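The values are calculated or read from the model by the stated rules, or taken from the named source; none is laboratory data. Model, not experiment: these values are computed from the prediction. Using ideal geometry, Cβ is built from the backbone for each residue, glycine included, and neighbour counts are taken over all protein chains shown. All accessible areas refer to the heavy atoms of the entire protein, side chains included, with ligands and DNA or RNA removed. Shrake-Rupley method; radii C 1.70, N 1.55, O 1.52, S 1.80 Å.
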Amino acid sequence: MSSFQINTNLGALNAYKALARINKETGDARLRLATQKRINTVADDTSGYNVGKSLEGRVSVMKAAQGNVAAGKDMLSTAETSLQNINDLLNQIKAKITDANDPTKNKESLVNDVKALGDEISNILAKTDFNGTTLLSGTPSGGFVFQTGHDSADKMTLGYTSKLSGIDISTITSATSATIASLDISTIVSKVSDALGSIGTDIQKLDVKDSYLSAAISNATSSISRLFDADMAMEQLNATKGSIAGQAATAVLSQLNMAPQAILSLFQ
């Protein structure tokens, strides 16, 4: 049998606690609607927050690595264009050497043409650069190293530079009418060809890396979305339900808060 108490209105206190809980849940739902986020503070979902932030960090690193891959491909494309130009110049030199083996041709004129072509090759080797980095001469023999993945150990070396080591254009620029007919540029041609082959292989590898990173970033972003993004339809339902429940709890609290007045009838 319930006792009649004035000092402590347990019913009203319980109704108040229910109303406070409903208001908090309704407020949380409205906040999620406003921010479109399921997790707005660590307290909302500690494990989900930690996992999501870890994934966000991973995505940031992978996007940076993807930028490295893009820079690597652009750099290789620049080097490739210059080497193709050098290849064209070498073909012209080979044609001049063939002409020099025709006794009716003016060898002095051919020598001047060959030297001019050699100077142009030297100029391309010295001045080809990408964002201030020299690509064909004075480059590291071990190649250019790019981080191409999330882990710092996931790196790729673009090693075409090793194929160009030892190129000596002086054999071309020092040609004379007496030596032009026997000028041998096969070593230079071979080195340029090998470098172009290495560049082609490296671009293919970077394309594979780019494809992998795109997929990994997409998958990680999807996981982050599942962790952090709010279900807008569900949160709207929760907010509406909470609003109605809050009105009901307020009415009940008001009624229970007035219940001790019934005891006054005992004193009439």
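Screening region 86-107 for residues that are over 40 Å from the mean Cα position of the chain (by Cα) and among the aliphatic types (A, V, I, L, M) and picking the one that is surrounded by the fewest Cβ atoms within 10 Å (Cβ to Cβ) gives ALA95. Taking the criterion of being modelled with pLDDT of 85 or more, among the polar types (S, T, N, Q) and open to solvent by 100 Å² or more (accessible area, probe 1.4 Å), the only residue of region 228-268 that qualifies is GLN247.
Can you go through ASP74, ASP28 and tell me which one is charged (D, E, K, R), over 13 Å from SER225 (Cα atoms) and surrounded by 14 or more Cβ atoms within 10 Å (Cβ to Cβ)?
Values: ASP74 fails: surrounded by 14 or more Cβ atoms within 10 Å (Cβ to Cβ).
Only one candidate passes the filter, namely ASP28.
For region 43-71, which positions are open to solvent by less than 50 Å² (accessible area, probe 1.4 Å), out of contact with any Phe, Trp or Tyr (no Cβ under 8 Å at 6 or more places or on another chain) and closer than 17 Å to ASP210 by Cβ? Result: VAL59, MET62, ALA65, GLN66, GLY67, ALA70. Of the candidates SER218, SER162, the single residue that is assigned to a helix (DSSP H, G or I) and modelled with pLDDT of 95 or more is SER218.
For region 78-88, does any single residue satisfy the condition of being more than 17 Å from SER137 (Cα to Cα), assigned to a helix (DSSP H, G or I) and at pLDDT 95 or above? Yes, the conditions are met somewhere in region 78-88.
Screening LYS53, LYS63, LYS17 for residues that are farther than 24 Å from THR173 by Cβ, more than 24 Å from the chain's Cα centre (by Cα) and in a helix (DSSP H, G or I) leaves exactly one candidate, LYS17. In the set (1) touching a residue at least 40 places away in the same chain (Cβ under 8 Å); (2) of a type in the set (Ser, Thr, Tyr); (3) within 30 Å of ASN238 (Cα to Cα), THR78 fails one condition alone, (3).
Scanning region 151-166 for residues that are surrounded by 19 or more Cβ atoms within 10 Å (Cβ to Cβ) and not polar (S, T, N, Q), we see that the one that is nearest to ASP102 (Cα to Cα) is LEU164. Can SER190 be described as part of a helix (DSSP H, G or I) and under 15 Å from LEU76 (Cα atoms)? For SER190, the condition - part of a helix (DSSP H, G or I) and under 15 Å from LEU76 (Cα atoms) - is not met.
Of the residues LEU83, LEU125, LEU110, the single one that is touching an Asp or Glu at 6+ places or on another chain (Cβ under 7 Å) and surrounded by 14 or more Cβ atoms within 10 Å (Cβ to Cβ) is LEU110.
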